[in-house]
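Take a look at the structure below.
The values are calculated or read from the model by the stated rules, or taken from the named source; none is laboratory data. Keep in mind it's a predicted model, so treat the numbers as computed, not measured. Here the Cβ is made from the backbone with ideal geometry for all residues, glycine too, and neighbour counts use every protein chain on show.
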Amino acid sequence: MNDEIQTSARNIALKSVERNARQLLSDAELLFDHGRYGRATALGVLAVEEVGKYYLLKWDKSKRKNGSRYHRLKQRTVATFNLAEATLAAMERELHSMGLQIRHNSEFSATELESLNASGRLRSPESLKDIEGFMDKMVITLKKTAEHPMVQKALNGTLSGIKELGFYVDLSEAHEIISDPNDVKEQAEDIISFARSAIENYR
């Protein structure tokens, strides 16, 4: 398969995967609204995994892992993007409060770059660490986001366990209920929120 055909096939696949992720999230929200928290949780996890598949396919890495390891890779990919997006948003807010904004050099003409540099208004990313308290705020944001239970599970690749809880009543040897799909409303809320955030940040 030549490069042009392969690129076309990948673009079609990307659109299909993105559409499916949105549909899975929509179905999860619908089930949640009707009190089917277990199934909503499971579909929320599937939506997250589809987002991970999207990025791996975009980077042409989707065939490098198989089975359960591939599920964990998809989950970790989404968690990593979640952390990056949260940090970028915090950075933009902090810079905006100082009258600054993130812009790429390609957005300016050579004359504009020269003028900005001469006026001292052009700063390199490396210079941000010299702004008092700036890096501390970024670390706090990163830590707070990483502490989110769904982000932690995604980073550890253990969201699949939550997915299974959404389908089965788990019993002990003494026939006592260990978990019930009807008792995971909080987890359903968390995973749907996580999936929604991942899908809204498609790049």
Test: residue in segment 146-159 that is basic (Lys, Arg), modelled with pLDDT of 80 or more, in contact with a helix residue (DSSP H, G or I) (Cβ under 9 Å, 6 or more places away or on another chain) and not in a loop (DSSP other than H, G, I, E, B): yes
Sole exception among (1) within 28 Å of the chain's Cα centre (by Cα); (2) without any contact (Cβ under 8 Å) to a residue 24 or more places away in the chain; (3) surrounded by 15 or more Cβ atoms within 10 Å (Cβ to Cβ) for LEU116, by number: (1)
Residue check, ASP136 over 30 Å from LEU14 (Cβ atoms), modelled with pLDDT of 80 or more and surrounded by fewer than 16 Cβ atoms within 10 Å (Cβ to Cβ): yes
Index of the failed condition, GLU94 passing every other in (1) of a type in the set (Asp, Glu); (2) modelled with pLDDT under 85; (3) under 22 Å from ARG10 (Cα atoms): (3)
Matching option when the condition is of a type in the set (Phe, Trp, Tyr) and under 22 Å from SER193 (Cα atoms), among PHE167, PHE134: PHE167
Yes/no for ASP190 being in contact (Cβ under 8 Å) with a residue 24 or more places away in the chain, under 23 Å from GLN75 (Cα atoms) and not aromatic (Phe, Trp, Tyr): yes
From PHE167, PHE194, residue being part of a loop (DSSP other than H, G, I, E, B), at pLDDT 85 or above and among the hydrophobic types (A, V, I, L, M, F, W, C): PHE167
Test for THR111: is it modelled with pLDDT of 75 or more and surrounded by 14 or more Cβ atoms within 10 Å (Cβ to Cβ): no
Residue list for segment 58-81, filter: at pLDDT 80 or above and polar (S, T, N, Q): GLN75, THR77, THR80
ALA174, sole failed condition from (1) at pLDDT 85 or above; (2) within 15 Å of the chain's Cα centre (by Cα); (3) among the aliphatic types (A, V, I, L, M): (2)
